[in-house]
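Q: Please find one structure pasted underneath; my questions will follow.
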Amino acid sequence: MKTLLLCTLLLLTAIIAQAQTGSIKGTVRTEGKVVPFASIGLKGTTLGATADENSAFTLHKVPVGPQRVVVSAVGFLPTERAVTVVAGQTATLSFALSGASNELGSVVVSGTLSEVVKSQSPVAVEIYTPRYFQKNPSACLFENLTMVNGVRPQLNCNICNTGDIHINGLEGPYTMVLIDGMPIVSSLSTVYGLSGIPNSMVDRIEVVKGPASTLYGSEAVGGLINVITKNPAKAPRFTADAFGTSHGEMNLDLGTAAKVGRATTLLSANLFGYDQRRDVNEDGFTDLPTQKRASVFNKWSWQRPQERVANLAGRYYYEDRFGGQLGWKPEFRGGDSIYGESVYTGRYELLGQYQLPVAGQKLMLSGSYNQHRQNSAYGTTLYRATQRVGFGQLTWARDLSIRHGLLLGATYRYTWYDDNTPATARLAGDQTVSQPDKTSLPGVFVQDEWKVTENATLLAGLRYDYNSVHGSILSPRLNYKWSKPDNSQVVRVGVGNGYRVVNLFTEDHAALTGARQVVVPEALKPERSWNANVNYQRFFSTGAGQLTVDASAFYTYFTNKISPDYTTDVNQIIYRNLDGYAVSRGLTLNTDLTFSRPLKVIAGITLMDVFRQERPEGGGARRRVQQLHAPVFSGTYAVSYTLARLGVVVDYTGQVNGPMQLPVQPNDYRPARSPWYSLQNVQLTKRLGEHLEIYGGLKNLLDFLPRHVLIRAFDPFDKYVTQDNPNGYSFDTEYNYAPVQGRRTFLGLRYTL
């Protein structure tokens, strides 16, 4: 009797449980054809299934209420759909997948600070993996970015080759470079430290063009570049990549990953050396600075319950570079006999993330700290600087409903800067003393993402910062995304406000040479900008292959732009807000074409117009001034072809640049605009077994070299500037539009275990 009663109770319990669940069934297709063995999962649960050979699937015992079903398959973009499950009933869905191309199925975080499939992100994010940059191998991130359409690494000095990164024509200070979402590559390191990011630590690079100040604060006006480091748990056990060039450059990247108890760790290192003093253009100066640099990166991740995040990383970077006259020796450093620019850079960084153990909540605590020391000599001018930046951020993400997600955040950033220039000099009685700049920047932000319909998403954001010097700063943004159910077409529209706080020190070494007095004749206001952009993506799939088209139109309007004035008084640096406005506008087009044959083409072009309208110092009507180093046309391409019989991959890469405005002196004989030019490269890669590959090729196929680079190279200290010099020319190093490095071969080995 007891056994019968127990069986009855169990049967009733099963019936009641079944009544509280339902089922979902459906099919997965692409262009009318079945997609067998696709993966189907219920978002937010462990419930899943695999489609059969006819693409049919069924999910049993699905909880009642609104649910989201995610479908993925190898070679296709993931897609998801909403469905309401009724107790005891079966809902029917059909999915149409589109082929994956150009990393569209990857997860990105830079646009919204939340992990989201790229095709689903309401903010346009471009993804570049190390494999893409290996088509034209370089020793550092700064050189790699020449392959990204609309992103221009600009060399600002012909002697020491320091530079910054321009996005859509805007200067380097308007570009924010992040590592794992932490703003630790800024100010001094934007100029001197970009070469120290080795390829061995990079998992992918995410690029967002246009203001991102709502999420990332000051400096993210032109856009941001987020370097996502490798996950130690997924990184190869050992990697090694070594190559050298016929000019004598040698580069070595090493990486290793291991499991230590409940933790995993990644250790990577980069060594680069170049000591050849080449002078092809015979001006008596090195064409390329000699460099010795070392970078070490270590990252730890810990396994925690419910897959909560916990990681900590550190990086140390040191570099010694020299450029100048061929006969220079270290004992001439800072002297006026033989000209040399010697730059010593020392830097360390710490960054980490920790997800707080709060049940049912996603609270993420992130932080970073870095210290950068600079010891430089530019001719007779000695530059000593130290910068420390601390950053902390707490975010709370919560799904308010199946279609509604909220992100709240609080941040604090503290910057300490000191140098030996007039920028930080203060009068104390009769003496001039150094007074470091100290800036605190607390802020809060909110982001609301709402799935308006199955195919449309609206993202609204607002940020409030309080700058210790300038007070309250408010930055809103609004993004809208629409797509077809199969993601074959995506339209994104964004409007945002950006800002950049005032720093009365500069990272451009040429700006602070000489004993100049800093003059601020007015209360400076933060630079502000309004940006609008429209992005359209279209995916085509034919029998011949797959084509992805990504087109954007952008427009940015600046007010209160600040530019230091060095010409009104040669003994002063005068800071003023621009009496007028500045504009950056243009069009970009990226294409990714993969043929059914072993051919792949990635190409992009950018058309832009970057200028400012300003009133002359003496008054009068405003005049249009074109932005320096902003070519009206630029393009990049990478063509890959696989010779299957030989097991060889051929990569042909390059960039094309149209004329750009250049910094010239009055009555300068050098052209004020650069010529059209192209830098082209070719590489052959051969795989030797499962773990080893060899590669080699030719850089700068056309052997292009810029002309008329240095002026009065025979008198770098201007000792004879008043003799036989009717035009009053003086030595300068800022006239630059392309690397002074001609054709060279390279050969390398790459090993992955």
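Since every read-out is calculated from the coordinates, none of them should be taken as a lab result. Quick caveat: nothing in here was measured; it's all calculated off a predicted structure. Cβ: placed from backbone, ideal geometry, glycine included. Neighbour counts: every protein chain shown.
Q: Pull up the cross-link candidates among the aspartates and glutamates for LYS699, meaning alpha carbon to alpha carbon under 17 Å and not fewer than 8 places away within one chain.
A: Excluding near neighbours in sequence, the set is GLU143, GLU249, ASP287, ASP651.
Q: Once R0 is set to 60 Å, what does the formula 1/(1 + (r/R0)^6) return for the Cβ-Cβ distance between SER434 and THR50, expressed as a FRET efficiency to the nearest 0.05?
A: The computed FRET efficiency comes out at 0.35.
Q: If you don't mind, there's one more thing I want to ask. Between the DSSP loop rule and a limit of at most 11 other Cβ atoms within 10 Å, which chymotrypsin sites (Phe, Trp or Tyr not before Pro) in region 619-693 are left? Please report the intermediate quantities before stating the final value.
A: Numbers: sites: PHE633, TYR637, TYR641, TYR652, TYR669, TRP676, TYR677; in loops: TYR669, TRP676.
Passing sites in region 619-693 are TYR669, TRP676.
Q: Oh, and also: Short version: ³J(HN,Hα) in whole Hz for each residue of region 150-156, in order, from phi by Karplus 6.51 cos²θ - 1.76 cosθ + 1.60 (θ = phi - 60°), x for Gly and Pro, what are they?
A: Going residue by residue, I get x, 10, 10, x, 10, 7, 9 Hz, with x marking Gly and Pro.
Q: Report the gain in length on full extension from LEU607 to ALA242: 0.36 nm times residue separation, minus Cα-Cα distance, nm rounded to one decimal.
A: Result: 127.8 nm gained on full extension.
Q: What distance in nm separates the simple spin-label points at GLN20 and ARG615, each placed 7 Å from Cα in the Cβ direction?
A: It works out to 7.3 nm between the two label points.
Q: Between THR752 and ARG707, what is the spin-label point distance in nm, taking each point 7 Å from the Cα along the Cα→C-beta axis?
A: In this crude spin-label approximation the distance works out to 4.4 nm.
Q: Using a Förster distance of 56 angstrom, determine the FRET efficiency expected from the C-beta separation of ALA263 and PHE633, and round it to 0.05. All intermediate terms of the calculation are to be shown ahead of the outcome.
A: On the way: r = 50 Å, r/R0 = 0.89.
The value I calculate is 0.65.
Q: Between ASP668 and VAL625, what is the label-point separation in nm under the 7 Å Cα-to-beta-carbon projection?
A: 1.4 nm
Q: While we're looking at this one, here's another question. How would you order 621-629, 284-292 from highest to lowest mean count of nearby Cβ atoms within 10 Å?
A: On the way: 621-629: 13.9, 284-292: 20.2.
Taking the mean over residues of other Cβ atoms within 10 Å, the ranking is 284-292, 621-629.
Q: Listed here are the pairs LYS259/LYS299; LYS209/LYS561; LYS259/LYS686; LYS135/LYS600; LYS135/LYS481; LYS61/LYS451; which of them are more than 21 Å apart at the Cα? Can you show the working numbers first?
A: Numbers: LYS259/LYS299 12 Å; LYS209/LYS561 19 Å; LYS259/LYS686 31 Å; LYS135/LYS600 12 Å; LYS135/LYS481 32 Å; LYS61/LYS451 26 Å.
Checking Cα-Cα distances, LYS259/LYS686; LYS135/LYS481; LYS61/LYS451 exceed 21 Å.
Q: Place a +1 charge on the Cβ of each Lys and Arg in region 18-96 and a -1 charge on the Cβ of each Asp and Glu, then give the dipole magnitude about the Cα centre in debye, rounded to the nearest 20.
A: The dipole magnitude comes to about 180 debye.
Q: Continuing with this model, one more query. For ASP279 and GLN306, compute 0.36 nm times the residue count separating them, minus their Cα-Cα distance, and round to one decimal in nm.
A: Length gained, ASP279 through GLN306: 3.7 nm.
Q: OK, next. If I take R0 = 30 Å and measure r between the Cβ atoms of TYR383 and TYR466 in this structure, what FRET efficiency does the formula 1/(1 + (r/R0)^6) give, to the nearest 0.05?
A: For TYR383 and TYR466, the calculated efficiency is 0.40.
Q: Over the Cα atoms of region 597-753, each weighted equally, I'd like the Debye log10 I(q)/I(0) at q = 0.15 Å⁻¹, rounded to two decimals.
A: -0.96
Q: Among 681-691, 737-747, what's the highest-first ranking by average C-beta atoms within 10 angstrom per residue?
A: 737-747, 681-691
Q: Ok, one more. Stretched out fully, how many nm does the piece from ALA644 to VAL656 gain, at 0.36 nm a residue minus the Cα gap?
A: Going from the current span to full extension adds 1.3 nm.
Q: Note down the magnitude of the dipole of region 107-752 about its Cα centre, charges +1 on Lys and Arg C-beta and -1 on Asp and Glu C-beta and zero elsewhere, to the nearest 20 debye.
A: On the way: 65 positive and 56 negative charges, 399 e Å.
Using Cβ point charges on Lys, Arg, Asp and Glu, region 107-752 gives about 1920 debye.
Q: Considering the Cα positions of region 18-96, please state its Rg to one decimal place and its Dmax as a whole number of Å.
A: Spelled out, the Cα radius of gyration and Dmax of region 18-96 are 12.0, 38 Å.
Q: Take peptides 238-250, 126-138, 166-178 and line them up by average Cβ neighbours within 10 Å, highest first, as a rough protection proxy.
A: 166-178, 126-138, 238-250
Q: So which lysines pass the test for LYS329, namely a Cα distance under 19 Å, with those fewer than 8 places away in the same chain ruled out?
A: LYS292
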